[in-house]
Amino acid sequence: MTNKTWMLRPAVLATALLLASCAAPPPADFGYRVPDHAQRAPEAASGYADKPGWSASRFMVAAANPLATDAGYQVLKAGGSAVDAAIAVQMVLGLVEPQSSGIGGGLFLMHHDGKTVQAIDGRETAPAAATPELFVKEGKAMAFMEGVVGGRSVGAPGALRALELAHRQHGKLPWKALFQPAIQLAEQGFRLSPRLFANLSDDGSKTLRNDAVAAAYFLQPDGSPKPIGTLLRNPDYAGLLRDIAERGPSAFYEGAVARDIAAKVRSHPTNPGLLTEADIAGYRAKVREPLCFDYKAWRLCGMPPPSSGTLAIAQMLGMLAARKLESAPPVQASFGLEPSAEAVHLLSEAGRLAYADRGRYVADPDFVPLPGGSARALLSPDYLQQRAALITDRSMGRAQPGVPAAPLASLADDRSPELMSTSHVSVVDGHGNALAMTTTIENVFGSQLMVRGIMLNNELTDFSFVPSENGVPIANRVQGGKRPRSSMSPILVFDRSTQQLVMSAGSPGGSAIINYTAKVLVGTLDWGLNVQQAISLPNFGSRNGPTELEEGRASPALVDALKARGHEVRVMTQTSGLQAIQRVGQDGRTTWFGGADPRREGIVMGE
């Protein structure tokens, strides 16, 4: 493989397309069978449940809900590709985990076909009529949740267009077949899970009750959540998916569905939005050049901006490459392995510096280019060495943005919050393909608006509510047609010497996604843990504020050691949703090992 194979190619090889076109097409219904457990009452909520990790030799899928994982598994077993499985998984997630993702939102997808790495951007876009003052009211920024709930926050959804693009290039089963699992589950029903119930109970019901469609589906007549184990059927979603399966994404982006979405957004009684049918019809997914970087013996590839995730992780690892993190492995605590104080200190300090640059420079590059016009200036060895020199034995508290070479414009710092209702999927198939896909509607239940059985996103609140500071524009300000900055970090890891895929990983978690994903990378690459062990490690890090430790999984000794180094420590809930698959085979025999986050309901399946 030459270096060029790490660069973007807009389409798969013509030879591969020819072979695919010559193959006999499988039947539209590949024989999906609803799992027996789909309609049984689920287990009670546990908050944190240890998971063993899973092994397979041919293919594997990791997702945030057992029904979604099973749909992907059945697609892979029927000969489907990684993209085929991801489509089936996403459609089921939109049904069983509607608080986190769905076709009313967007996604980032990293794909590897054995030779080429590809980055597909399905991030939502702002309406053409949106201005930098979208979230400004009477001269002041709106309260955050005031902006979230209602039509104002809804961007043009991108998930379906991104999956359509990926399927055209990498699909093996017919598009129509991939919707059968979600259609059958929506019609026959599934049991309301502990996690969905928890999200409905945790303020979700207070806002969902204001949308009559959502309230009828999720809530009881008194406004309380339907209980765990309730059999939920979603015929509206089934009907929508049948139409999309038959006619393709145009059934969603044009015609009656687009009219219904635009009408609901624009007619909201207290917080109407600007999204139009033309905004929805005009949405296009983008193929972008992957952001790839070297770390020790590995090559890592992830999403470029408008994702800030890969860039921040690359900066953090680049700053710490010479610090020998392998010599600061996890230590034993009463609850299991815990990161050492030295590791938490170093990663938190590097995180402060990376998040400071993120807040100053990163936005949709089609509107606001990075300094120097690419990521190179922010990742240059000289620049990272300068930044790394700021890391001492004491916490710096709050870091300031650096000054990389050739900034293109003066920019002010953005402090936009980014909420955590997102989901991650990792897949390896039996054909040599792999993907990492992170998908989101942003807030819990998005904008709290339900149309045709789906929740609409609130991605526009990922923009800065304030367009400028003291007259200096903020990179991530709202602009018509612009994509809001994201922290989603789907990432693929390769062995630099063999160029083989080593790992697919990613997580939900809002702006903390960067720290969650970095933890798994360091845990596996530096500390030699398997992905399940790395995922299960307590979460930690800094987003250029306090050093954050996971509640219930931080020992007093760790807290005291960090405070002694000058850290302001905040012990808090950190509900990651990490999924990862790694290659563990030796002697030329590939074996896959997958891990799912014990903090959520996900599992891994394969064979």
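Values in this text are rule-based calculations from the coordinates and carry no lab data. What you see is a predicted model, and the numbers here were worked out from it, not measured in a lab. Cβ coordinates were reconstructed from backbone atoms using ideal geometry, including for glycine residues, and neighbour counts include every protein chain displayed.
Note on the range 160-255: with charges restricted to the Cβ of Lys and Arg (+1) and Asp and Glu (-1), its dipole about the Cα centre is near 320 debye. What the phi angles of the range 458-473 give under the Karplus curve with 6.51, -1.76 and 1.60, with θ = phi - 60°, is a coupling list of 10, 5, 5, 6, 7, 6, 5, 5, 9, x, 7, 10, 6, x, 9, x Hz, glycine and proline written as x. Once divided by 2.2 N^0.38 Å, the Cα radius of gyration of the range 562-606 becomes 1.86.
Given R₀ = 25 Å, what would the calculated FRET efficiency be for Gln500 paired with Ala322, taking r from the Cβ atoms and rounding to 0.05? That pair, Gln500 with Ala322, gives E of 0.45. Taking every full run of DSSP H in the chain, the ones that stretch at least 24 Å from end to end by Cα along their long axis and average -0.5 or higher on the Kyte-Doolittle scale are 341-361. Per-residue Karplus couplings for the range 537-547, computed as 6.51 cos²θ - 1.76 cosθ + 1.60 with θ equal to phi - 60°, are listed in order as 3, x, 7, 6, x, 10, 9, 6, x, x, 7 Hz, Gly and Pro entered as x. In this simple spin-label model, placing a label point 7 Å from the Cα along the Cα-to-Cβ direction at both Ser55 and Leu390 gives a separation of 4.6 nm.
Along the axis of the charge dipole computed for the chain (Cβ charges of +1 for Lys and Arg, -1 for Asp and Glu, origin at the Cα centre), the listed residues Pro401, Val61, Ala71 are led at the positive end by Pro401. When +1 charges are put on Lys and Arg Cβ atoms and -1 charges on Asp and Glu Cβ atoms, the dipole computed for the chain relative to its Cα centre reaches about 660 debye. Sorted fewest first by neighbouring Cβ atoms within 10 angstrom, Tyr73, Tyr516, Tyr295 come out as Tyr295, Tyr73, Tyr516. Inverting the pair-averaged 1/r between distinct Cα atoms of the range 236-309 gives 15.5 Å as its Kirkwood hydrodynamic radius. DSSP bridge analysis restricted to the chain gives an antiparallel fraction near 90%, rounded to the nearest 5. Extension gain for Val571-Ser224 works out to 121.9 nm (0.36 nm per residue, less the C-alpha to C-alpha distance). Here the residues Tyr237, Tyr48, Tyr217, Tyr253, ranked from fewest to most Cβ neighbours within 10 Å of their Cβ, fall in the order Tyr48, Tyr217, Tyr253, Tyr237. Note on Glu326, Glu187, Glu550: ascending count of other Cβ atoms within 10 Å places them as Glu326, Glu187, Glu550, the fewest first.
For Ala263 and Val472, a Förster radius of 41 Å and the Cβ-Cβ distance give a FRET efficiency of 0.60, rounded to the nearest 0.05.
In order along the range 423-437, the Karplus-derived 3J(HN,Hα) couplings, from 6.51 cos²θ - 1.76 cosθ + 1.60 at θ = phi - 60°, round to 8, 10, 10, 10, 9, 10, 10, x, 10, x, 9, 8, 8, 10, 9 Hz, and Gly and Pro are given as x.
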